[in-house]
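Here's the structure, in structure tokens; my notes come after.
The values are calculated or read from the model by the stated rules, or taken from the named source; none is laboratory data. Keep in mind that what you see is a predicted model, and the values were worked out from it rather than measured. Every residue, glycine as well, gets a Cβ built from its backbone with ideal geometry; the counts of neighbours run over all protein chains shown. For the accessible areas, the whole protein counts, side chains as well, though only heavy atoms, and no ligand, DNA or RNA atoms are used. Shrake-Rupley method; radii C 1.70, N 1.55, O 1.52, S 1.80 Å.
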Amino acid sequence: MAVFTYQCNTRIHFGVGTIQSLAQQLNDGGFGRRLMLVTDKGLIQAGLVEQIEQHLKTNGFSITLFHEVKPNPRDTDCLMGAEMFRANWCDALLAVGGGSAMDTAKAIALLARHGGTPADYVDGGRMYGEIAPIACVPTTAGTGSEVTRGAVITEASSHRKLTLKHEWLRPQIAVLDPALTCTVPKPLTAATGVDALVHAIEGFTCKKTQPISQALAAQAMPLIWRALPLAYRAPDNIEARSDMLLGSLLAGLAFGSADVAGVHCLAEALGGLYDTPHGLANAVFLLPMLRYNIVGNESLHAQVARHMGVAQRDDEDEDAALVLIDALAAWLKALDIPPLSHIDKVQRSDSERMVELAMANSSTASNIRPLTESAYRKILEEAFAATF
Ligand SMILES: [Fe+2]
């Protein structure tokens, strides 16, 4: 058996109503009194942030509000947040939102304590070190960032996606209340949910996978596969929302100690260039990348198909791997995922830039089938030609 490491020290509190115990969780975790709440303007308008602020203030916390979180978070915003964190002598961070809020909080915590820019850490110049504690309250089911040691930040000047990765960045506390996800709009429910499934599939199949990641991904895949169409059709279905949030958590734990792979490399290229929502960017590349990946890896993808319940135990591996593609195509269609060519701002003429960005992504090396520039070009062509 291969040598592997698995670590996750996040205290996970899961279930409907758990948001009511947030202050207690922060007290138990030894968080200081002065919190920076990192969120986006949409959640403020929806009234959720005010409810959480009230709950925390009643329990003796003071709040510095940072509401500049945007999809595909920028390094410039993180620098601004770090300055605010220092100026207000904050003790800890609370991220309320999706992956962008959580990744922004991680970057703010790092920059506030250790200075520099996100690129300084990725390009190797600056050392990671201990940061202020972070608690996360995810409001979408998809990212898994509440339990991972990574944060993806866009360098505004170059459109490069920078992956900060270190054990210091892992949140101490994650409070996952499925009720908070019931108000997520349908397109965002679909896109973030597909991201979660891609985390599970890539966490299961990538070169850096390991037995614990595979066990977690094997649990996550059927949950997400069944629950996402239900949550998409009936947003108030709390059982489906719970299964999605649990599936997303398990998928985050799976890929967090393995890696993502080629789908994410192209998705991050798209997000960096056009601000495409991360989940949607993953969705449009999933099928062409899987068609590429199953060649020579039929047995591995047959396992994915069996875990999702779309193939039977006694199906031939090759058949099961092909059934997986067909089943996923129908699944994505039911979620009204548009094809790449219909996505806002995307230009086919930028394909070479996308290939370049994807090749530069460190997760390219983790893809189960080796990826070259010409392979990426072919996958992109297929994605541009898709009409689903
Ligand atoms: Fe992702």
Problem - Per-peptide average of other Cβ atoms within 10 Å, ordering 150-157, 7-14, 378-385 highest first - result: 150-157, 378-385, 7-14
Completion exercise
Sorting Arg377, Arg313 on solvent-accessible surface, 1.4 Å probe, most exposed first, gives Arg313, Arg377
Completion exercise
Kirkwood calc, the stretch 222-280, C-alpha pairs only, radius in angstrom 12.9 Å
Practice task
Hey, could you grab the Kirkwood Rh for the stretch 2-65? Inverse mean 1/r over distinct alpha carbon pairs, Å, one decimal.
Solution key: 13.7 Å
Problem - Charge dipole (debye, nearest 20) of the stretch 186-385; +1 at Cβ of Lys and Arg, -1 at Cβ of Asp and Glu - result: 260 debye
Completion exercise
Dividing the helical contributions, -39500 (n - 2.57) per DSSP H run of n ≥ 4, by the residues of the chain yields a 222 nm value, nearest 500 deg cm²/dmol, of -16500 deg cm²/dmol
Completion exercise
With N residues in the stretch 45-143, Rg(alpha-carbon) / (2.2 N^0.38 Å) equals 1.09
Problem - chymotrypsin sites (Phe, Trp or Tyr not before Pro) lying in DSSP loop within the stretch 72-130, provided at most 16 other Cβ fall within 10 Å - result: Trp89, Tyr128
Problem - Accessible area of Val310 in the full protein assembly, 1.4 Å probe (Å², nearest 10) - result: 30 Å²
Fill in the blank from the handout: For the chain, the accessible surface attributable to carbon and sulfur atoms (probe 1.4 angstrom, ligands and nucleic acids excluded) amounts in percent to 52 percent
Problem - Given charges at beta-carbon only (K, R positive; D, E negative), |dipole| of the stretch 11-181 in Debye - result: 140 debye
Completion exercise
Quick shape summary for the stretch 186-385, equivalent ellipsoid via Cα gyration tensor, semi-axes whole Å in descending order, reads 24, 20, 16
Handout entry: Selected from Phe285, Asn9, Tyr376, residue furthest toward positive end of dipole (the chain; charges at beta carbon)
Key = Asn9
Exercise for the section: Using the charge dipole of the chain (Lys, Arg: +1 at Cβ; Asp, Glu: -1 at Cβ; taken about the Cα centre), state which of Met36, Asn361, Ala218 has its Cα farthest towards the positive end. Expected result: Met36
Problem - Relative contact order of the stretch 11-181, pairs being alpha-carbon contacts under 8 Å that are 6 or more residues apart, as % - result: 28 percent
Fill in the blank from the handout: Helix 317-334: inclination vs the chain longest Cα principal axis, degrees, rounded to 10, gives 50 degrees
Completion exercise
Taking a straight Cα-to-Cα line shorter than 24 Å from Lys333, and setting aside same-chain lysines fewer than 8 residues away, one finds Lys186, Lys345, Lys378
Exercise for the section: Starting from the exponent 0.38 and prefactor 2.2 Å, build the expected Rg for the stretch 318-382 from its residue count and divide its actual Cα Rg by it. Expected result: 1.32
Fill in the blank from the handout: the chain, Kirkwood Rh and Cα Rg, ratio Rg/Rh at 0.95
Handout entry: Calculated on alpha-carbon atoms, Rg and Dmax of the stretch 139-243 in Å
Key = 14.9, 43
Practice task
Could you state the accessible area per residue of the stretch 186-385 in Å², with a 1.4 Å probe and every protein chain left in place?
Solution key: 38 Å²
Fill in the blank from the handout: Candidates Thr181, Thr58, Thr139; GNM for the chain (alpha-carbon contacts under 10 Å) flags as most fluctuating Thr58
Exercise for the section: For the stretch 373-382, just list the computed ³J(HN,Hα) in residue order, Karplus coefficients 6.51, -1.76 and 1.60, θ = phi - 60°, integers in Hz, with x standing in for Gly and Pro. Expected result: 4, 5, 5, 4, 4, 5, 5, 5, 4, 5
Problem - Surface per residue (accessible, 1.4 Å probe) for the stretch 11-181, Å² - result: 38 Å²
Handout entry: Debye, to nearest 20: dipole size of the stretch 276-388, +1 on Lys, Arg Cβ, -1 on Asp, Glu Cβ
Key = 360 debye
Handout entry: Calculated from backbone phi, Karplus (6.51, -1.76, 1.60) coupling profile of the stretch 309-314 in Hz, x at Gly/Pro
Key = x, 9, 9, 8, 4, 8
Handout entry: Ordering of 44-55, 161-172 by packing [mean C-beta count within 10 Å, highest first]
Key = 161-172, 44-55
Handout entry: For peptides 247-260, 210-223, sequence by mean Cβ density within 10 Å, most packed first
Key = 247-260, 210-223
Practice task
Taking the chain as the reference, fit the longest principal axis to its C-alpha atoms, fit the long axis of helix 48-58 to the helix C-alpha atoms, and give the angle between the two in degrees, 0 to 90, nearest 10.
Solution key: 40 degrees
